[in-house]
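Chemist: Got a structure for you, questions after.
The values are calculated or read from the model by the stated rules, or taken from the named source; none is laboratory data. Bear in mind that the values here come from a model prediction, so they are computed numbers and not experimental data. Neighbour counts run over all protein chains shown; Cβ positions are idealised from the backbone, glycine included.
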Amino acid sequence: MSSERKVELADGARRAFGLTSALAALELPRSTWHYHQSRRRSYTEKYADLRAPLEAIARRHPEYGYRRTTPELRERTGRRINRKVVQRLHRAWGLPLIRGTRTPKPSGIRRAITAAGNRINLVAGRQEIRPMEVAYTDFTELIYAGGRRKAYLIPIVDHASKIALGWAVGDRAVTSLALEAWEQAKRGLRARRMHVSTVTIHHDQDPVFTSYAWTARLLLKDQAHVSYALNGAQDNTEMEAFNSRFKTENRSLVLDARSLTELKQLVAERMVYYNNVRRHSSIGYRAPSQYIATLQPWT
């Protein structure tokens, strides 16, 4: 396999697996990667004005390869452009990926959500929500290491008591991270003698929350209830408010975290503070743990 082809494959895999892992799997030296990247930048800069018409052709004629694209491009631009130039630009800008894009068939879970309509939101319209009956969750970005790195936080927060039942921090917003937060939330519920099956977890329709792994764990294995926001963030305002407040109050501390390990430790410390020290106006200016202590035992 040529170095150019390896660079192309590494470019496609870097978001999912990280550049280091992609280069190692392809046995491609980092110096070779950077060399090809610099060449690619200079070449694409030279033909930057062709990007828009090439992308338009790729979308209008998804069946066209670079051979059929070439005369179409010549006609649109009025320029004599070599076929090899078109081929190289196709690769540099990932145009075969645009041509190959198809709307995926909805999963069974996605079809069920669509069919249920408004009924899929189990929280809207509830007149009274007692502690540990409804919890909210969603991913949010954390920018750390002086603004050079990005991670994801997913908290699970109780509606009535405002306590953070569980959370997880990782470098990708994936199902495994959400399930890590859920496992911690289950331990928090059991510590308070609450059964998992009585809880409704409310979130948006992110692919993580419509995945089989997430729904199978919560609905089938743990017998919890799952509720979906119909209109994204505007139907999950409690979670949006929590994430916004957490990031605002801890912004400088998060920026100072030098590694993902440090960031995880910091988030854990701030969640302990949030649960046990920070006063919340909606529960009488008490900390969530203090508020819960006044309610137990529950009937």
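Chemist: In region 269-296, which residue that is surrounded by fewer than 18 Cβ atoms within 10 Å (Cβ to Cβ), within 29 Å of the chain's Cα centre (by Cα) and without any contact (Cβ under 8 Å) to a residue 60 or more places away in the chain is nearest to Q184 (Cα to Cα)?
Modeler: Out of the qualifying residues, it is V272.
Chemist: Of the residues A135, A124, which is under 30 Å from R190 (Cβ atoms), surrounded by 11 or more Cβ atoms within 10 Å (Cβ to Cβ) and at pLDDT below 85?
Modeler: Exactly one residue qualifies, and that residue is A124.
Chemist: Now, a different point. Tell me, please, whether a residue that is surrounded by 13 or more Cβ atoms within 10 Å (Cβ to Cβ), among the polar types (S, T, N, Q) and modelled with pLDDT under 80 can be found in region 38-53.
Modeler: Within region 38-53, one or more residues are surrounded by 13 or more Cβ atoms within 10 Å (Cβ to Cβ), among the polar types (S, T, N, Q) and modelled with pLDDT under 80.
Chemist: Going through region 269-299 one residue at a time, which ones are aliphatic (A, V, I, L, M) and within 19 Å of D138 (Cβ to Cβ)?
Modeler: If the condition is that a residue be aliphatic (A, V, I, L, M) and within 19 Å of D138 (Cβ to Cβ), then M271 is the only one that fits.
Chemist: Here is a follow-up. How do the pairs read when you match residues in region 193-208 that are under 14 Å from Y136 (Cα atoms) and part of a loop (DSSP other than H, G, I, E, B) with residues anywhere that are among the small types (G, A, S) and modelled with pLDDT under 90, using Cβ under 6 Å and keeping only pairs 6 or more apart or on different chains?
Modeler: Pairs found: D204/A229; D204/G232.
Chemist: As an exercise: evaluate V157 against (1) crowded, with 22+ Cβ neighbours inside 10 Å; (2) farther than 16 Å from R130 by Cα and give the number of the one condition it does not meet.
Modeler: With respect to (1) crowded, with 22+ Cβ neighbours inside 10 Å; (2) farther than 16 Å from R130 by Cα, V157 is out only on (2).
Chemist: Name the pairs: first residue in region 211-225 and assigned by TED's automatic domain parsing to the domain that holds V199, second residue of a type in the set (V, I, T) and in a loop (DSSP other than H, G, I, E, B), Cβ to Cβ under 7 Å, at least 6 apart or on different chains?
Modeler: Matching pairs, first to second residue: W214/V208; A224/V199; H225/V199.
Chemist: Okay, moving on. Across region 138-159, what is the total count of residues that are more than 22 Å from A185 (Cα to Cα) and outside any loop (DSSP other than H, G, I, E, B)?
Modeler: The total comes to 4.
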